[in-house]
1. Among the numbered conditions (1) touching a residue at least 60 places away in the same chain (Cβ under 8 Å); (2) of a type outside the set (F, W, Y); (3) not in a strand (DSSP E or B), tell me where M206 comes up short.
2. If we keep just the residues of segment 16-32 that are open to solvent by 10 Å² or more (accessible area, probe 1.4 Å) and assigned to a loop (DSSP other than H, G, I, E, B), which is farthest from D212 (Cα to Cα)?
3. Test S74 against the criterion of being surrounded by fewer than 21 Cβ atoms within 10 Å (Cβ to Cβ), farther than 30 Å from A195 by Cβ and of a type outside the set (V, I, T), and give yes or no.
4. Exactly one condition in (1) closer than 25 Å to M37 by Cβ; (2) in contact with a strand residue (DSSP E or B) (Cβ under 9 Å, 6 or more places away or on another chain) is not met by D155; state its number.
5. Where in segment 211-301 are there helices (runs of 4 or more DSSP H), lying wholly inside it, with at least 1 residues that are among the basic types (K, R) and at negative phi?
6. Surrounded by fewer than 17 Cβ atoms within 10 Å (Cβ to Cβ) and within 25 Å of E147 (Cα to Cα) - does that describe any residue in segment 181-200?
7. Residues to consider are M231, M224; find the one that is within 21 Å of A27 (Cβ to Cβ) and either more than 22 Å from the chain's Cα centre (by Cα) or without any contact (Cβ under 8 Å) to a residue 60 or more places away in the chain (or both).
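The values are calculated or read from the model by the stated rules, or taken from the named source; none is laboratory data. Bear in mind the structure is a predicted one, so any value in this text is a computation, not a measurement. Neighbour counts run over all protein chains shown; Cβ positions are idealised from the backbone, glycine included. Note: areas computed on protein heavy atoms with side chains; ligands, DNA, RNA excluded. Shrake-Rupley method; radii C 1.70, N 1.55, O 1.52, S 1.80 Å.
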Amino acid sequence: MAIIPCALAACGVQESLPAEAVPADTAIVVRVDPASMQSAMIRESMDAVADIARRSSNPQIVQLSGLIQLQALSMEEEGGDNTVSDAAMRSLVEAGATGIWVVIPESALSSAGELAADAAGADSDALFEFGTALVQAKTRDAGPAIEKALRSMDDDLAECTATSVAPGWFAIRTSSDQPLPTGGDEAMAKSFESAISRQSGASMAMAMRMTDSMRAALDSDDEMMLQAQMMVGRVVSALETLQMLSASVTFGKAPAIRARMAFASDAQAAEFNSAWDETLQTILGFIQMQSMMAEGDAEDGDAPAPKPTQWGPLFEGLKMRQDGSALSLTLDQERMRAMMK
């Protein structure tokens with residue numbers, strides 16, 4: 001996913017995310033590497049995680065392995081749709097596309113989870129149904145080839161257009177009456193691009209800005225939020241100081257999940273990290289107690305219950321590392337093995 005400045009500059013294309021495509025009310029930006037958005041690579045990721053889980057000494061983690069394999073099989077059963085999407089992504093790469101960007105305004109936040117789920121499930125055409133979609137390319141004249149690749153992906157994209165909004169950047173519209181992006185915010189664009197660039201090498205990366213309305217929601221008297229505040233109140237309070245969250249997933253034989261949380265100060269980052277560790281310990285203690293009870297109630301012939309100590313590594317692996325005003329978490333294969341041993 002990393003951009004090679006010299007290669008792009010040689011083609012006379014713009015390296016940075018166009019400011020005009022990122023309005024001031026942007027809440028989330030997603031970037032997808034079309035070369036990695038292949039159903040085979042997603043299944044390889046699932047197989048790799050399932051293999052690690054299958055070797056665990058914790059019987060419940062072993063059961064998780066079976067669930068992951070069932071999900072992989074369901075993807076294979078949808079082979080026809082995946083084949084079309086895979087071919088379109090390959091055509092995009094051949095057309096010179098290096099990234100698909102989706103800019104989601106705060107008003108469309110309810111759709112963000114659906115976008116992530118669809119993309120992670122190899123439903124690539126869903127990327128163009130939320131917010132403003134852009135394709136970044138190696139050349140200025142890639143528009144027609146990008147249109148051809150996208151139109152082959154899905155009926156909903158049969159009439160799509162790729163309009164240049166900056167050298168090497170094309171706004172994708174599914175219909176002619178859909179407006180082109182205008183009036184963006186340069187500082188906002190730089191902020192999101194900086195956050196996404198920290199997830200370099202990922203198949204799919206996202207950055208989310210903590211908005212005032214999100215902070216208000218955390219402090220609301222909504223029933224679900226009141227329950228969250230009762231259970232993990234310190235985490236909820238500390239989350240209000242978050243500035244930007246970025247996360248990514250890397251598909252293939254060496255899958256990885258990464259997350260980074262940026263705060264305004266070292267002290268705010270430390271407070272959230274402390275609250276996070278406290279919450280992990282509380283949940284771990286509850287699960288260990290449940291395991292002890294299950295051991296005591298087990299009868300001959302019952303499936304073995306996890307020993308209380310077998311849950312420790314899993315929660316240890318979810319602890320974050322602090323670097324100044326930022327926290328980070330990386331779940332690569334090495335860490336997954338340690339967590340699920």
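1. All conditions pass for M206, except number (3).
2. Once the filter is applied, the top-ranked residue is S16.
3. On the way: surrounded by fewer than 21 Cβ atoms within 10 Å (Cβ to Cβ): yes; farther than 30 Å from A195 by Cβ: yes; of a type outside the set (V, I, T): yes.
So S74 fits the description; yes.
4. Checking D155 against (1) closer than 25 Å to M37 by Cβ; (2) in contact with a strand residue (DSSP E or B) (Cβ under 9 Å, 6 or more places away or on another chain), the one that fails is (2).
5. Numbers: elements: 212-218, 223-239, 266-297.
Correct list: 212-218, 223-239.
6. yes
7. Working: M231 fails: within 21 Å of A27 (Cβ to Cβ).
On inspection, the qualifying residue turns out to be M224.
Each row is one residue, and each column tells you yes or no for (1) open to solvent by 50 Å² or more (accessible area, probe 1.4 Å); (2) modelled with pLDDT under 95.
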| site | (1), (2) |
| --- | --- |
| S237 | yes, yes |
| S246 | no, no |
| R258 | yes, no |
| A267 | yes, no |
| N273 | no, no |
| P304 | yes, yes |
| K307 | yes, yes |
| G324 | no, no |
| Q333 | no, no |
